[in-house]
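Novice: Submitted below is the structure of interest, expressed as C-alpha cells.
Just so you know, all these numbers are worked out from the coordinates, no wet-lab data involved. These numbers were taken from a predicted model, which means no experiment stands behind them. So basically every Cβ, Gly included, is an ideal-geometry build from the backbone, and we count neighbours across all protein chains shown.
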Amino acid sequence: MGLATYAAEYPVEGVAHAYPVQSRVAKGRIARIDCDEALTMPGVVIVLSSENPPELAKDADAELALFQSREVAYRGQLVAVVVADTYENARAAADAVRVEYEPGNHDVSLSADHPGLYQPEVVNPDYPSDTEKGDVEAGLAAAATAVDVTYTTPVLHNNPMEPHAAVALWDTEGRLLVYDATQGATLSRDTIARTLGLPAERVRVVSRHVGGGFGSKGTTRPHSVLAAIAARAAGRPVKLALTRQQMFDVTGYRTPTIQRVRLGADTEGRLTALEHVAYEQSSTLVEFAEQTAVVARVMYATPALRTAHRLVRLDVATPSWMRAPGECPGMYALESAMDELAYAMGMDPVELRVRNDADAEPDGGLPFSSRNLVACLREGAHRFDWDRRDPAPGLRREGEWLAGTGVAASTYPARRRPSKAVATLTDDGDFLIQVAATDIGTGARTALTRIAAATLGVAPDRVHVELGDSDLPEAPVAGSSMGTASWGSAVVRACEELKADGKEGRADTTEEVAADARTARHAFGAQFAEVRVNAVTGEVRVPRLLGVFAAGHIVDARLARSQFVGGMTMGLGMALMEETLTDEEFGGFLRRDLAQYHVPACADVERIEAVWLDEQDDGLNPMGSKGIGEIGIVGTAAAIGNAVYHATGHRIRHLPITPPKILALRF
Ligand code: MOS
C-alpha cells in the first residue's frame with residue numbers, strides 16, 4: 001500500500017544531501033583532490049575526502065575506512081563526498097570535484113592459473129578452505145565412469161527494489177541515529193559504532209522496513225558510514241541515497257567462480273570419488289572467501305572426497321553476500337556434473353542422486369538432524385511425470401523449438417544464531433513482542449506474530465511485534481536463512497517465560513543455540529525444470545519449474561511459498577540472464593543498471609510451483625523450522641542447464657545461457 005517507510009523516506013528537518021565521488025581508476029594513488037570549484041557551487045555545505053580525512057577507528061574494516069588512504073583499490077571506490085542543500089546541488093558539485101590520480105596497472109581478471117592464487121585459511125564464515133578424505137585419485141582410477149568438467153559463473157549483483165540509503169542524525173549529546181537500509185539493525189549499529197570508534201550505546205540504527213537485500217544489505221555498506229561522517233562534519237542531518245549504478249560498485253557482488261568437478265562412479269552408479277575445486281576472487285582490501293565447494297561436503301556419500309578453494313586478490317571491489325552465497329554457485333557446478341555423470345553412464349539423474357544419498361555428513365560424519373533429499377526427489381519426479389521422460393538428449397523438436405527437462409538437488413544449512421527478545425503483557429491485555437529483527441520483505445512480522453501467538457495460545461491479532469530498531473533486544477541479521485529460526489527461538493522462550501511470570505518474559509538464546517553443533521542441520525530440495533530452446537533465435541524459455549523442499553515445519557505457508565518461488569525466480573535469472581561484465585580495460589563493472597543487467601520479469605516466468613514435504617524435526621529449534629530464504633535459488637540454474645542439455649544435446653558450462661551461446665551450437 002506504499003505505507004512502509006524506507007530509510008530514505010523518513011522526513012527529517014534540515015536534512016542535507018550527500019553525493020559521493022567515485023574513483024575513475026581501478027588502481028593507483030590519489031595525487032590531489034581539488035574541490036575549490038565545487039565549494040563555490042550553489043548550496044554546497046562541505047566536501048570531504050582524503051584531503052581532510054574524517055577521524056575513524058584505526059581498526060575499521062578496509063571497505064568502510066573512508067578517505068583514510070590515498071590508495072585506490074578499485075574503480076568506483078568512494079573517494080570524496082559533497083554535502084549540499086539539495087540532491088541536485090550535491091550531484092552537480094560532485095561532478096566538479098577534480099581528482100588527480102597516479103594510476104597503476106590494474107588486474108581485474110580471475111583465471112584458474114592466475115599466479116596470485118592462494119589457499120585462504122578459512123572460507124565463509126569459518127569452514128576450512130580445503131578438506132580431504134580417502135584417496136580421490138585412486139577412486140577416480142577405479143571408477144567405471146568418470147567426468148572431469150569445469151564450469152564458470154559470472155559476477156552477479158543483487159538488485160533489491162529499494163536502493164541502499166542512509167539518513168544520519170547526531171543529537172546534541174553526540175548520539176548518532178541512522179535510518180539505514182540494512183538486514184540487521186544490531187549488526188549495523190555495532191559496525192557503524194566500531195568504524196567511528198564509538199561505544200555501541202551512542203549509535204542507534206532504525207530499519208523498520210527494508211525493500212529487499214538478498215545479502216547486499218547484510219553487512220554495513222560504505223554509504224551508511226559516509227552519511228554518519230558527513231552529518232558529523234556538516235553539523236546537520238545528512239541523507240545519502242545511492243543510485244542504482246552506484247549500487248553495482250559499492251554494495252557487493254557475488255564473486256565469479258571457476259569450478260572444476262571430478263566425479264567417479266562404479267557400475268552401480270555409486271560414487272567412488274568426488275572432487276570439487278573452486279577458484280574465486282577477492283579485493284586487495286579484505287579477504288572474502290566464498291564457501292563455494294562446501295556443498296560437496298554435505299551432498300553425497302563417497303569414500304573419497306576432496307574440496308578446495310583458491311582465491312586471488314584483484315583490483316576489484318570486495319565480493320559480498322548474495323542469496324545462498326557458496327551453496328548457490330557451488331551447487332550449480334556439482335549438480336551439473338552429477339547430470340553429466342548420469343548421462344555418461346546411462347543412468348537416470350534422479351536415480352543417481354538417490355543411490356548416493358548420505359546417511360551422515362560425508363565430510364565430518366555428523367548425523368543429520370533430518371535429511372529428506374530422496375523424498376523430495378521422489379515427490380518431484382512423481383509430480384513432474386519424470387518416468388514418462390525420454391532419457392535421450394536432443395530428440396524432441398517441434399518446428400524451431402527443442403524441448404527438454406532437467407533435475408537438480410538443493411540444499412542449504414539450517415542454523416540459527418543467538419538472539420534476545422522481550423515479551424510483555426500490555427495494559428490493554430494484548431502482547432507486545434520486541435526484538436531487533438528485520439523485515440526485508442519476507443514477512444518477518446507476520447512469522448513472528450504467528451510464532452508468539454502459538455506459544456501464548458492467543459489469537460494473532462492480540463500480538464504486536466516491534467522490530468527494526470537497534471534499541472530493541474539484540475538480534476542477528478535477516479540473513480543466511482537464519483532469521484526466523486533465530487528470532488523465533490528467542491520469541492518462543494520469551495513468551496514461555498511471560499506465561500510463567502504473568503507480566504513479562506525476557507529471553508537470550510545464546511546457551512540454547514550453542515548446543516546445535518551436535519547435529520548436521522540442512523534443508524534439502526529437488527528442482528525440476530522444463531525448457532524450450534529456440535534453434536533460430538537462441539532464446540530459452542522455461543514453461544515450468546517445480547521445487548520440492550524439505551525444510552522442517554513451515555511457519556507460514558503463504559510467506560514460505562513466496563520465498564521459495566522468489567529464490568527459484570532468481571535462480572532462473574542466474575541460469576539465463578544475469579551477468580555483470582568486468583571492464584578489463586578500465587576496471588570496475590560494465591552493465592551497471594537494470595537496462596543491461598537483466599533480471600527475470602513477469603513475462604520470463606511462466607509456471608513456477610513450490611511445494612514442501614511436512615518434515616518433523618523436533619531437534620532444530622522450538623518451531624521445528626529450517627530456513628527458507630535461500631534454498632529456493634540453490635540448484636535452479638543447474639536444473640535449467642541440465643534441461644537445456646536434454647533439449648539440445650549440448651552442454652553449456654558457462655553461465656548465463658544466453659542466445660549467443662545457444663546459437664553457437666550446431667543442432
Ligand atoms: Mo543472505 S546472502 O544470507 O543475506
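Novice: In what sequence, highest mean first, do 143-149, 121-127 appear when ranked by Cβ atoms within 10 angstrom?
Specialist: For the peptides 143-149, 121-127, the packing ranking is 143-149, 121-127.
Novice: Let me ask another. Counting just the Cα atoms, what span does segment 309-414 cover along each of its three principal axes? Round to the nearest Å and put the largest first.
Specialist: 47, 40, 25
Novice: Rank by packing, highest mean first: peptides 571-577, 379-385, 63-69, 231-237, with packing defined as the count of other Cβ atoms within 10 Å averaged across residues.
Specialist: 571-577, 63-69, 231-237, 379-385
Novice: Just the number, please: Stokes-Einstein D of segment 420-518 in µm²/s, Kirkwood Rh from C-alpha pairs, 10 °C, 1.306 mPa s.
Specialist: 120
Novice: I've got another one for you. Considering all alpha-carbon pairs of segment 38-84, what whole percent are spaced by more than 12 angstrom?
Specialist: For segment 38-84, the fraction of Cα-Cα distances above 12 Å is 63 percent.
Novice: In degrees, nearest 10, range 0 to 90: what is the angle between the Cα axis of helix 557-576 and the longest Cα principal axis of the chain?
Specialist: Orientation of helix 557-576: about 80 degrees from the principal axis.
Novice: Now for a different question. May I ask you to derive the relative contact order of segment 453-588, considering only C-alpha pairs under 8 Å and at least 6 residues apart, and to give it as an integer percent?
Specialist: Relative contact order comes out at 12 percent.
Novice: Could you tell me whether the chain comes out rounded, prolate or oblate from its Cα gyration tensor? Rule is a ≥ b ≥ c as square roots of the eigenvalues, rounded for a/c under 1.5, then prolate if a/b exceeds b/c, otherwise oblate.
Specialist: Since a/c reaches 1.5 but b/c is at least a/b, the shape of the chain is classed as oblate.
Novice: For an R0 of 30 angstrom, estimate the FRET efficiency from the Cβ-Cβ distance between Arg396 and Ala603 and round to the nearest 0.05.
Specialist: So, using R0 = 30 Å, E works out to roughly 0.80.
Novice: Based on the alpha carbons, how large is the Rg to Rh ratio for segment 110-163 when Rh follows Kirkwood?
Specialist: Result for segment 110-163 is an Rg/Rh of 1.11.
Novice: How big is the dipole moment of segment 420-518 about its Cα centre under a simple scheme where the beta carbon of each Lys and Arg is +1, that of each Asp and Glu is -1, and everything else is neutral? Debye, nearest 20, please.
Specialist: Computed about the Cα centre, the dipole is about 340 debye.
Novice: Would you pull out the residues with amide H under 5 Å of Gln77's amide H, same chain only if 5 or more places away, H placed 1.01 Å from N?
Specialist: Ser23
Novice: Once the convex hull of the C-alpha atoms of segment 522-667 is built, how many Å³ does it hold per residue, rounded to a whole number?
Specialist: With only Cα atoms used, segment 522-667 gives 137 Å³ per residue.
Novice: Output ³J(HN,Hα) for segment 640-650: one whole-Hz value per residue in order, computed from phi by the Karplus curve 6.51 cos²θ - 1.76 cosθ + 1.60 with θ = phi - 60°, and x for Gly and Pro.
Specialist: 5, x, 5, 5, 4, 5, 4, 6, 9, x, 10
Novice: Would you grab the residues whose amide H sits under 5 Å from the one on Glu539? Only those 5+ places off in sequence or on another chain, please, with H modelled 1.01 Å from N.
Specialist: HN-HN under 5 Å from Glu539: Asn534.
Novice: Highest mean first, what order results for 427-436, 558-567, 179-188 on Cβ atoms within 10 Å?
Specialist: Ranking the peptides 427-436, 558-567, 179-188 by packing returns 179-188, 558-567, 427-436.
Novice: Assign unit charges at the C-beta atoms only (+1 for Lys and Arg, -1 for Asp and Glu), then state the dipole size of the chain relative to its Cα centre in Debye, rounded to the nearest 20.
Specialist: Using only the charged Cβ atoms, the result is roughly 740 debye.
Novice: What list of ³J(HN,Hα) couplings, whole Hz, do you get for segment 108-121 from phi and the Karplus terms 6.51, -1.76, 1.60, once you set θ to phi - 60° and write x for glycine and proline?
Specialist: 10, 10, 7, 8, 6, 10, 5, x, x, 5, 8, 8, x, 5
Novice: While we're on this one: Could you point to the residue in Gly76, Ser49, Pro128 farthest towards the positive end of segment 27-132's charge dipole, with +1 and -1 charges on the Cβ of Lys/Arg and Asp/Glu respectively?
Specialist: Of the options given, the answer is Ser49.
Novice: By how many degrees, 0 to 90 and rounded to 10, does the Cα axis of helix 327-345 deviate from the longest principal axis of the chain?
Specialist: It is inclined by approximately 10 degrees.
Novice: Obtain the radius of gyration and the Kirkwood radius of segment 541-626 from its C-alpha atoms and give Rg over Rh.
Specialist: Ratio of gyration radius to Kirkwood radius for segment 541-626: 1.15.
Novice: Compute for segment 198-355: radius of gyration divided by Kirkwood radius, i.e. Rg/Rh, restricted to C-alpha atoms, rounded to two decimals.
Specialist: When Rh is taken as the Kirkwood radius, the ratio is 1.15.
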